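Following: one structure in structure tokens, then a few remarks.
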Amino acid sequence: MRVNVQYPEAVWQIRDVRAAIEAGDTIGEILEKHLEELDADLTIKDSKASGISRREKILGISPQDTASLEERRSEVLLRWYDVPLYTERTLRRKLDAALGEENYTLTVDLENKRITCLIEMNRRLMKKSVQELFEQMVPLDYLLTVELHYNQYKDLKPYTYRQLQGRSWKQLRNEVIKLEANEELRLP
């Protein structure tokens, strides 16, 4: 919302006036940038790094150095909207918001008091956050298991030996593989 003022040439030729106007324009641009950032920081999903770091400080979250802004945002979302009534539905809703519906498998066994969550490899950096969420929400008498869903033999079975050749066992186990059986296998 910058206002462009046209000054008469005689006024613009005065060095001190021109310097003051240019300094005011620079400060105005910086102010507008900060106002836009504050406007974006109103909601967690639109927040810039400054809004996420402020919420992390409020919640006492220490993000990893390698965590991206999206991962940090997901962790803040996990903890920000805390609902006192903990049900399986609220747990699934929080996991959907943080990991995405397709990125985990949750198994709740009420008879044996056991909860298991398998996190897909593309969201592996969120394992610690999910573990902390479970420790907050799940009663103490339940056995919790949070693990990564590694590639298994059945996931690799459609590929030929030639497609898998040149990859280490660790790469085949840990990398995300979502290709058609007739495509050439390319792991990062």
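The values are calculated or read from the model by the stated rules, or taken from the named source; none is laboratory data. Quick caveat: nothing in here was measured; it's all calculated off a predicted structure. Methodologically, a virtual Cβ is constructed for each residue, glycine included, from the backbone with ideal geometry; neighbour enumeration extends over all protein chains shown.
What the table below lists for this structure:
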{"read-out": "Filter pass, Ile52 being within 32 Å of the chain's Cα centre (by Cα) and touching a residue at least 24 places away in the same chain (Cβ under 8 Å)", "value": "yes"}
{"read-out": "In region 51-65, the residues that are among the hydroxyl-bearing types (Ser, Thr, Tyr) and either surrounded by 13 or more Cβ atoms within 10 Å (Cβ to Cβ) or modelled with pLDDT under 85 (or both)", "value": "Ser53"}
{"read-out": "Test: residue in region 37-52 that is assigned to a helix (DSSP H, G or I) and closer than 30 Å to Asn151 by Cβ", "value": "no"}
{"read-out": "Selection from region 1-27 of residues that are surrounded by 10 or more Cβ atoms within 10 Å (Cβ to Cβ) and more than 30 Å from Asp39 (Cβ to Cβ)", "value": "Tyr7, Val11, Trp12, Gln13, Ile14, Val17, Arg18, Ala19"}
{"read-out": "Out of Leu91, Leu69, Leu59, sole residue that is of a type in the set (A, V, I, L, M, F, W, C), in contact (Cβ under 8 Å) with a residue 40 or more places away in the chain and under 22 Å from Val130 (Cβ atoms)", "value": "Leu91"}
{"read-out": "Matching option when the condition is on the phi < 0 side of the Ramachandran plot and either under 20 Å from the mean Cα position of the chain (by Cα) or of a type in the set (Phe, Trp, Tyr) (or both), among Leu35, Leu91, Leu31", "value": "Leu91"}
{"read-out": "Which listed residue is surrounded by fewer than 15 Cβ atoms within 10 Å (Cβ to Cβ) and touching a residue at least 40 places away in the same chain (Cβ under 8 Å), from Tyr81, Tyr153, Tyr161, Tyr86", "value": "Tyr86"}
{"read-out": "Options Asn112, Asn103; residue that is touching a strand residue (DSSP E or B) at 6+ places or on another chain (Cβ under 9 Å), surrounded by 12 or more Cβ atoms within 10 Å (Cβ to Cβ) and assigned by TED's automatic domain parsing to the domain that holds Glu132", "value": "Asn103"}
{"read-out": "Of all residues making up region 35-47, the number that are modelled with pLDDT under 85, more than 17 Å from Leu99 (Cα to Cα) and either surrounded by 15 or more Cβ atoms within 10 Å (Cβ to Cβ) or touching a Ser or Thr at 6+ places or on another chain (Cβ under 7 Å) (or both)", "value": "3"}
{"read-out": "Any hit, region 135-146, residues being assigned to a loop (DSSP other than H, G, I, E, B), of a type in the set (A, V, I, L, M, F, W, C), surrounded by 16 or more Cβ atoms within 10 Å (Cβ to Cβ) and in contact (Cβ under 8 Å) with a residue 24 or more places away in the chain", "value": "yes"}
{"read-out": "Test: residue in region 98-114 that is assigned to a strand (DSSP E or B) and hydrophobic (A, V, I, L, M, F, W, C)", "value": "yes"}
{"read-out": "Hits in region 99-126 (condition: more than 17 Å from Val76 (Cβ to Cβ) and charged (D, E, K, R))", "value": "Glu101, Glu102, Asp109, Glu111, Lys113, Arg114, Glu120, Arg124"}
